[in-house]
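Colleague: Supplied in structure tokens, the structure appears directly below.
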Amino acid sequence: MKTTLDEMLGFIRVVDSGSITAAARQLAQTTSGISRTLGRLEEKLGITLLRRTTRKLELTEEGQAFLVHARGIVAAVEQAEEQMRIRRQQPAGRLRVNAASPFMLHQLVPLVAAFQQRYPDIALELHSSDNIIDLLEQRTDVAIRIGKLRDSSLHARPLMHCPLRVLASPTYLARHGTPATPEHLAQHRLLGFTQPDSLNTWPLQHAGGDGYTIQAALHASSGETLRQLALAGNGLVCLSDFMTGADRASGQLVQVLAEYTLPTRQAVHAVYYQNTELAARIRCFVDFLLEQLAAGGTAP
């Protein structure tokens, strides 16, 4: 059987206080309980730590040697606990964040400097992926997921909800004309996602009902790639506001079919595993995102 921390602490308190009774009082235990702890410790070690007389307790040579090690072990544990308390107050450590390229570039990157100024002891590690990843396999602390969540083993906090719009560059519209109704989209060059297929159903009300499933002339896996293609005049695209706000404000992309657009809002969540205690660095990162996105008017 291995020596426990409680046994070492009991032994140290007996030595420091000079008696079993005093040690029991300090540790809020019974005298008999402390006495049994010492006996159990000596039995495990196979040595005598203390010589007991009617007047006092005296350390043996072996007890003196063990005391030095026990003090070091208890002090190390106390120091580790103190460091954890400090980390809870001032979060520190590496934080691995994964997000799709558009969200990473348009939402996270502009906030990095402010986050690191507030939490200088957190070392951010940013990874971009346009596919849904396995958090454990990719050693990710928190991931930003866009759209509907499927994994019930993940805990999720909503960060924002963004409208979807059908957009095109003025150059494309000048060359090919502006569609007047969703049915006119069949005459245009449409840009779609390779996956999931749900992103290729645009939030448009048309003669066949709600939701217009496009036949794309060009597909891409990344929303950022589709954005760049649209900016270059390659066709019409349906993208979330979180990545096109500056483009629309500058007039580089303009909305089309606004009167047919359904009030669809794409959900964005921060996700992490439910079966692990949320580290302070993850909690403060998600709280920071919510604060900043709320300031921008896009938080839930």
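Colleague: Considering only SER169, SER101, SER32, give the residue with the highest GNM mean-square fluctuation for the chain, with springs between Cα atoms whenever their separation is below 10 Å.
Modeller: SER32
Colleague: Using modelled backbone amide H atoms (1.01 Å from N, in-plane), which distant-in-sequence or interchain residues come within less than 5 Å of LEU218's amide H?
Modeller: When sequence neighbours closer than 5 places are left aside, the close amide H contacts are LEU190, GLY192.
Colleague: As I understand it, the value is the acute angle between the Cα axis of helix 61-89 and the longest principal axis of the Cα atoms of the chain; what does it come to in degrees, rounded to 10?
Modeller: 30 degrees
Colleague: Hey, in the GNM for the chain with a 10 angstrom Cα cutoff, which one of VAL166, VAL112, VAL271 fluctuates hardest?
Modeller: VAL112
Colleague: Place a +1 charge on the Cβ of each Lys and Arg in the chain and a -1 charge on the Cβ of each Asp and Glu, then give the dipole magnitude about the Cα centre in debye, rounded to the nearest 20.
Modeller: Value, rounded to 20: 680 debye.
Colleague: Spin-label point model (7 Å from Cα, Cβ direction): what's the TYR273 to ALA249 distance in nm?
Modeller: It is 4.0 nm.
Colleague: Continuing with the same structure: Amide H of LEU124 versus every other amide H placed in the peptide plane: which residues, excluding those fewer than 5 positions away on the same chain, fall under 5 Å?
Modeller: Amide H neighbours of LEU124, under 5 Å, 5+ apart: LEU95.
Colleague: If I build a Gaussian network model for the chain, linking alpha-carbon pairs within less than 10 angstrom, which residue out of ALA23, ALA180, ALA232 has the largest mean-square fluctuation?
Modeller: Sorting by GNM fluctuation, first place goes to ALA23.
Colleague: Let me ask something additional. Once neighbouring chains are kept in place and the probe is 1.4 Å, which whole percent of the accessible area of the range 166-300 is contributed by carbon and sulfur?
Modeller: On the range 166-300, the fraction of accessible area on carbon and sulfur atoms equals 48 percent.
Colleague: How much FRET efficiency would the formula 1/(1 + (r/R0)^6) give for MET84 and GLU62, where r is the Cβ-Cβ distance and R0 is 35 Å, rounded to 0.05? Mind dumping the intermediate values first?
Modeller: On the way: r = 33 Å, r/R0 = 0.95.
Rounded to the nearest 0.05, the efficiency is 0.60.
Colleague: Helix-only mean residue ellipticity at 222 nm, the chain, DSSP H runs n ≥ 4 weighted -39,500 (n - 2.57), per residue, nearest 500. What is it? All intermediate terms of the calculation are to be shown ahead of the outcome.
Modeller: Details: 9 runs with 113 residues, N = 300.
Computed mean residue ellipticity for the chain: -12000 deg cm²/dmol.
Colleague: Report the gain in length on full extension from PHE288 to ARG71: 0.36 nm times residue separation, minus Cα-Cα distance, nm rounded to one decimal. Mind dumping the intermediate values first?
Modeller: On the way: separation 217, 0.36 × 217 = 78.12 nm, distance 4.10 nm.
Gain in length upon complete extension: 74.0 nm.
Colleague: Give me a comma-separated list of calculated 3J(HN,Hα) values for the range 155-166, in order, Karplus coefficients 6.51, -1.76, 1.60 applied at θ = phi - 60°, integers in Hz, x for any Gly or Pro.
Modeller: The phi angles translate into 8, 10, 10, x, 9, 6, 10, 10, x, 9, 9, 8 Hz.
Colleague: Continuing with the same structure: Fully extended, how many nm does the chain gain between LYS44 and THR213 (0.36 nm per residue separation, minus their Cα-Cα distance)?
Modeller: Gain in length upon complete extension: 53.5 nm.
Colleague: Same structure again: For the pair GLN228 and LEU5, how long in nm is the line joining their label points, each one 7 Å along Cα→Cβ?
Modeller: About 5.2 nm, to one decimal.
Colleague: In nm, give the distance between the simple-model label positions of THR53 and GLN187, each being 7 Å from the Cα along the Cα-to-Cβ direction.
Modeller: 11.1 nm
Colleague: Report ³J(HN,Hα) in whole Hz for each residue of the range 198-204, in order, from the Karplus equation J = 6.51 cos²θ - 1.76 cosθ + 1.60 where θ = phi - 60°; Gly and Pro get x.
Modeller: Coupling constants for the range 198-204: 4, 6, 9, 9, 7, x, 10 Hz.
Colleague: Which percent, to the nearest 5, of DSSP beta bridges fully inside the chain are antiparallel?
Modeller: Around 65 percent of the beta bridges assigned by DSSP in the chain are antiparallel ones.
Colleague: I've got another one for you. Helix 241-250 versus the longest principal axis of the chain: what is the Cα-based angle in degrees, 0 to 90, to the nearest 10?
Modeller: Approximately 50 degrees, to the nearest ten.
Colleague: Let me ask something else about it. With a Förster radius of 25 Å, plug the Cβ-Cβ distance of SER198 and THR178 into 1/(1 + (r/R0)^6) and report the FRET value to the nearest 0.05.
Modeller: Rounded to the nearest 0.05, the efficiency is 0.45.
The values are calculated or read from the model by the stated rules, or taken from the named source; none is laboratory data. Predicted, not measured: the structure shown is a model, and the values here were computed from it. Counting neighbours? That spans all protein chains shown, and the Cβs are built from the backbone with ideal geometry, glycine included. Only protein heavy atoms, including side chains, enter the accessible area calculation; ligands, DNA and RNA are left aside. Shrake-Rupley method; radii C 1.70, N 1.55, O 1.52, S 1.80 Å.
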